[in-house]
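Shown next, in structure tokens, is the structure this report addresses.
The values are calculated or read from the model by the stated rules, or taken from the named source; none is laboratory data. Computed from a predicted model, the values in this text were never measured in an experiment. No Cβ is skipped: glycine too gets one built from the backbone with ideal geometry, and neighbour counts run over all protein chains shown. Only protein heavy atoms, including side chains, enter the accessible area calculation; ligands, DNA and RNA are left aside. Shrake-Rupley method; radii C 1.70, N 1.55, O 1.52, S 1.80 Å.
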Amino acid sequence: MKDYSKIITTAKNTILTESNAIANLANFIDTNFENAVKFIYNSKGRVIVTGIGKSANIAAKIVATFNSTGTPAVFMHAADAIHGDLGSVLEDDVVICISKSGNTPEIKVLIPLIKNYGNKIIAITGNVDSFLGKNADFKLNTFIEKEACPNNLAPTTSTTAQLVMGDALAVCLLELKEFSSADFAKYHPGGALGKRLYLRVSDLIVNNELPQVSENDSIVKVIVEISEKRLGVTAVVENSKILGIITDGDIRRMLTKSTEINHFTAKDIMSKNPKTIHEDAMAIEALERMETNSITQILVTNHDNNYIGVVHLHDLIKEGIF
């Protein structure tokens, strides 16, 4: 039978081995790294990221990170590069080559070809004295003591180190470019993340009803308005200006005190100075205000401070923001 007793220990050792190696990368960040970042930032071309084997997988991920944070990048597999894909490298492009050993046959063939084109090479390698390290214009050291693999063979710690070095480059470039959340939204329009960055309050209220009563309206009318508009709330309005708010909770609390409601009007039970939000505010801001004030609805105003709608917590949940 298999011995399952070591699973937890092995998992923890793997994580600790890799985390210690990652922490050690900070010791390799020097002016060479700084100069590589500055060169990419000032380059007029793209960043071509290449590698072989598992390093190629890491290269593809780094390309995705660059592209999503404002640094145009292209993935080029090292094996494919020497069989035609090298034509994708343009004159002003910067090439990042990833290799643990820096001495694989494909790398030894590829590097001289790139240098003949005049493109600068940034090496991400665990062996700065390798062929790749010696021929690169900038060398980023990702040396590790050992792989997390018990046989010290399967690329584990080494590929994690490569990925983290790529992230360090991307984040430095992001900051130099002053890449904002608005910029990020341009590249991430889909899913909950994108919606957090671009969806506005005005987008949420488009299909909602506009519950409203005047301050002298009867409680019966208030109840009907809340019920018909199905938002659990109504604004108390005069000439499009908000005077107060009444929620279904206010109605329930009133009924626990008295069932004689005929003499009550909206102004008798409304809450004055309710929380509001501008139609141009981000949807995530509406959620933050609701959470801060422990409410499930918030009234919406326009540029003239007129009442134009209600955002309900359910709207945010429906959009996947909550």
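Data overview
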read-out: Condition check for residue 272: touching a residue at least 24 places away in the same chain (Cβ under 8 Å), open to solvent by 30 Å² or more (accessible area, probe 1.4 Å), among the basic types (Lys, Arg) and farther than 23 Å from residue 206 by Cβ; value: yes
read-out: Verdict on residue 34 being among the acidic types (Asp, Glu), surrounded by 16 or more Cβ atoms within 10 Å (Cβ to Cβ) and either touching a Lys or Arg at 6+ places or on another chain (Cβ under 7 Å) or outside any loop (DSSP other than H, G, I, E, B) (or both); value: no
read-out: Hits in the range 126-174 (condition: acidic (Asp, Glu) and closer than 19 Å to residue 60 by Cα); value: 167
read-out: Residues (closer than 26 Å to residue 108 by Cβ, in a helix (DSSP H, G or I) and of a type in the set (S, T, N, Q)) located in the range 37-69; value: 55, 57
read-out: Residue match in the range 238-254 (condition: within 19 Å of residue 299 (Cα to Cα), open to solvent by 30 Å² or more (accessible area, probe 1.4 Å), of a type outside the set (Phe, Trp, Tyr) and touching a Lys or Arg at 6+ places or on another chain (Cβ under 8 Å)); value: yes
read-out: Residues located in the range 79-132, provided they are in contact (Cβ under 8 Å) with a residue 60 or more places away in the chain and open to solvent by 60 Å² or more (accessible area, probe 1.4 Å); value: 100, 120
read-out: Residue in the range 88-101 that is farthest from residue 43 (Cα to Cα), counting only those that are modelled with pLDDT under 95 and in contact with a strand residue (DSSP E or B) (Cβ under 7 Å, 6 or more places away or on another chain); value: 88
read-out: Per-region count, the range 224-234, residues open to solvent by less than 20 Å² (accessible area, probe 1.4 Å) and either assigned to a helix (DSSP H, G or I) or over 15 Å from residue 265 (Cβ atoms) (or both); value: 4
read-out: Which numbered condition residue 197 fails, given (1) in contact with a strand residue (DSSP E or B) (Cβ under 6 Å, 6 or more places away or on another chain); (2) at pLDDT below 95; (3) surrounded by 14 or more Cβ atoms within 10 Å (Cβ to Cβ); value: (1)
read-out: Subset of the range 58-78 that is out of contact with any helix residue (DSSP H, G or I) (no Cβ under 7 Å at 6 or more places or on another chain) and surrounded by 18 or more Cβ atoms within 10 Å (Cβ to Cβ) - its residue that is nearest to residue 180 (Cα to Cα); value: 63
read-out: Scan of the range 109-131 for residues that are among the hydrophobic types (A, V, I, L, M, F, W, C), over 25 Å from residue 20 (Cα atoms) and touching a strand residue (DSSP E or B) at 6+ places or on another chain (Cβ under 6 Å), ordered by number; value: 114, 121
read-out: Answer residue from the range 290-320, given it is in a helix (DSSP H, G or I), surrounded by fewer than 20 Cβ atoms within 10 Å (Cβ to Cβ) and hydrophobic (A, V, I, L, M, F, W, C) and is nearest to the chain's Cα centre (by Cα) among those; value: 317
read-out: Evaluation of residue 2 against (1) surrounded by fewer than 16 Cβ atoms within 10 Å (Cβ to Cβ); (2) modelled with pLDDT of 95 or more; (3) not in a helix (DSSP H, G or I) (one fails), failing number; value: (2)
read-out: Matching residues, the range 152-179, being among the polar types (S, T, N, Q) and at pLDDT 90 or above; value: 156, 157, 158, 159, 160, 162
